[in-house]
1. Where the second residue is hydrophobic (A, V, I, L, M, F, W, C) and not in a helix (DSSP H, G or I) and the first is more than 15 Å from G277 (Cα to Cα) and touching a residue at least 40 places away in the same chain (Cβ under 8 Å) and lies in segment 102-127, which pairs have Cβ atoms under 8 Å and are six or more apart or on separate chains?
2. Can you report the number of residues in segment 231-269 which are β-branched (V, I, T) and at pLDDT below 85?
3. On the given criteria, is D279 touching a residue at least 60 places away in the same chain (Cβ under 8 Å) and in a loop (DSSP other than H, G, I, E, B)?
4. Checking the structure you have, find out if any residue of segment 102-117 is over 20 Å from the mean Cα position of the chain (by Cα), buried (at least 17 other Cβ atoms within 10 Å of the Cβ) and either at pLDDT below 85 or assigned to a helix (DSSP H, G or I) (or both).
Amino acid sequence: MVQLSPGYRYIKITLGIVNLLILIFGLALLGFGVVIHMNVVKTAHQYGIKNHLVESIISAVQYLSAIGLILACIIVLISFLGCCGALKEIPSLLIAFAVLMSIIFAILSVLTVVVFMLRHKFIYMSDMHELIASLLNFISLALNLAHKANSFGTQELIQNSDQSTMLNNNMRNVEKDENLEKQLNKIKNSKDGNINEMMKKLMKNVLKEDELENLMPPPSLMLYLKCCGIDKPPSAYRKLHPACCGYTEHIECKVENAYKQNCTSAIFNLINNSILGLDLVLLSLVFISLISIIMASCLTAKIRKNREA
């Protein structure tokens, strides 16, 4: 090992220790990814899962764990080069580390710009609120219909065959309703129109007027986001769900105690803040990778200069 000045010794120790910590993190991530991947495959084979939805979820987890393993291997490789190159003062390893970090720096820089542009586009997209509102309306409609189906599936229906027959006939009529089918296809194929308004027209065919006016997002969503209603203020609803006031029990919720923000705006703000957070993280990684390249390059040059001297 060559004799380094105090400043370069500080660079050497900092680069070595930081990369050692990243190496340990990479090995832990690698082990965790292997365990997750093996357990998912083992569970799928053990229970012989045939459900299409569950199979899709398992496949997604497998792909994610595989991506995690690849990223972990890259992290381990780069941190190993940086750690050993700095602590052992091996210029070739430091050069390899600097080259790989330069590639990562370029990729992260592009990603940072792309995410920034996506956030700008997301903020100023005119129909984004309508798209979120239509999605909330669809989820709320599905939950409302599921609740109705559960309430119909009681002992009264089992005991009364006439009611059961009438319910089945009504369900068949809904399935054969051409107007309903046309509206569903229109919403599905729509590219330019007001999707939220189309969704509301469809809901008028399925729900009663009072149900439509009091249609609420899932209570768990309102509690988590601290919001009330889909795209209207709390005062526009005849009756507020307890979740609008943060209650988990069936307690009356008054307008003055309800959350002021509707869930469409809450989701919009959540997505916007998440994209901003991602952009800041990427920007931090760009800065860290740039500092790593500079430190590795300076240390390599100093080691070579001292050895030549």
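The values are calculated or read from the model by the stated rules, or taken from the named source; none is laboratory data. The structure displayed is predicted, hence computed values, not measured ones. Every residue, glycine as well, gets a Cβ built from its backbone with ideal geometry; the counts of neighbours run over all protein chains shown.
1. none
2. Residues that pass the stated criteria total 2.
3. For D279, the condition - touching a residue at least 60 places away in the same chain (Cβ under 8 Å) and in a loop (DSSP other than H, G, I, E, B) - is not met.
4. Looking through segment 102-117, at least one residue is over 20 Å from the mean Cα position of the chain (by Cα), buried (at least 17 other Cβ atoms within 10 Å of the Cβ) and either at pLDDT below 85 or assigned to a helix (DSSP H, G or I) (or both).
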